[in-house]
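*Asks:* I have a structure here, written as structure tokens, and I will follow up with some questions on it.
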Amino acid sequence: MRVSLVSSFLALLKARFKEYSKYPIWLLSVYLQIILVTLVFFLAASLFAPKSGNGAFWIIPISGIFLFSTGTMCMQEMGWDVFWMAEQGVLESLMLAPVNPALSLFAYSFVVTGYSFLVGSIAVTTIAFFSGVRVNPNPTLLLAFVAHTLFMLGIGYGMAGLSFRLKRGISLYLNFLNFFFVVFSGYFYPFSALPRPMLLVSRVLPSSYMVDLFRYGLTSDQAAVSIAGLGTCYLITLVTSLAAFFIGLMVFFRELDRARVHGYLGTY
């Protein structure tokens, strides 16, 4: 009997969710850590917040923490967890026939994205609660979030594929990318605060335009878009997010097949 794609996808989602739910103490510790780190960040940032009209000030850390939490967690989880599964010898369970390997990977990505969204929401809720800031969202907010997630997932897929060659060395590249995006994508500060040489690098990164577009989605104020015009941000966000996602997928499956052919998939 042929199993439908929807049934397979739901079954895979259930299996991946069970994997995460096996470690409740670890999950609780992660959530508590997020809240504590966010509170420390809030207390530090509040020292520089203006006494009045500080709503615009808090939009930057709120958008930055949410996008950084969701995006980089997607990149890290995909890049590192796939390596871990290969090291433990369980990667093939992610790709078992008759389930389509891509469908299985998407199910895993869906769970990772959902978990990252929950983590980011906890951080944002914590800041919003203590700062009392109110937002004026519009549909662009969802577009920017989805595009940014696809972009980071694409990078994560690519890193996961390269992990078959780099082994544990992939952690160095993932940590570098995290640091690189934090510095140049303007997650936690306006682009006007960057020196001109750094701003030139920021203009090359698609994630910078996604960050600006997300801020616009939160405030509905075009003044929040500072790195380029609103139309340019829309265009770059849409094109690069889809391109990164599909290129990352191609790299992952190409490297997976290469590792199988050359016999080093489980060699660590």
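Every read-out reported here was derived from the displayed coordinates using simple, explicitly stated rules and does not represent laboratory data. The structure displayed is predicted, hence computed values, not measured ones. Cβ placement follows ideal geometry from the backbone for every residue including glycine, while neighbour counts extend to all protein chains displayed.
*Asks:* Let's test the formula: R0 of 45 Å, r as the Cβ-Cβ distance of residue 136 and residue 253. What FRET efficiency results, to the nearest 0.05? Each step should come with its number before you reach the end.
*Replies:* Numbers: r = 42 Å, r/R0 = 0.93.
Efficiency computed from Cβ-Cβ geometry: 0.60.
*Asks:* If a/c stays under 1.5 just call it rounded; otherwise compare a/b with b/c (prolate if a/b is bigger, oblate if not). Do that for region 110-173, with a ≥ b ≥ c from the square roots of the Cα gyration tensor eigenvalues. Show your work: numbers first, answer last.
*Replies:* Numbers: a/c = 3.38, a/b = 2.09, b/c = 1.62.
Since a/c reaches 1.5 and a/b is larger than b/c, the shape of region 110-173 is classed as prolate.
*Asks:* Across region 123-237, how large is the tail of the calculated P(r) beyond 25 Å, expressed as a percent of all Cα pairs? Walk me through the intermediate numbers first.
*Replies:* On the way: 1999 of 6555 pairs.
Looking at region 123-237, the distances longer than 25 Å represent 30 percent of pairs.
*Asks:* Provide the gained length on full extension for the span residue 165 to residue 14, in nm with one decimal, where the gain is 0.36 nm per separating residue minus the Cα-Cα distance. The partial results should precede the final answer.
*Replies:* Working: separation 151, 0.36 × 151 = 54.36 nm, distance 3.04 nm.
Contour length minus Cα-Cα distance gives 51.3 nm.
*Asks:* Can you compute 3J(HN,Hα) from phi for each residue in region 165-179, using the Karplus curve 6.51 cos²θ - 1.76 cosθ + 1.60 with θ = phi - 60°, rounded to whole Hz and x for Gly and Pro?
*Replies:* For region 165-179, the Karplus curve yields 8, 7, 6, 5, x, 5, 4, 4, 5, 5, 5, 5, 5, 4, 4 Hz.
*Asks:* Label points 7 Å out from Cα along the Cβ direction at residue 176 and residue 29: separation in nm?
*Replies:* With each label placed 7 Å out from Cα toward Cβ, I get 3.0 nm.
*Asks:* Could you order the peptides 207-215, 219-227 from most to least packed, using the average number of other C-beta atoms within 10 Å per residue? Before the final figure, lay out the partial values.
*Replies:* Values: 207-215: 27.6, 219-227: 16.1.
Listed from highest to lowest mean packing, they are 207-215, 219-227.
*Asks:* With the crude spin-label approximation of a point 7 Å out along Cα→Cβ, what separation in nm comes out for residue 242 versus residue 222?
*Replies:* It is 2.5 nm.
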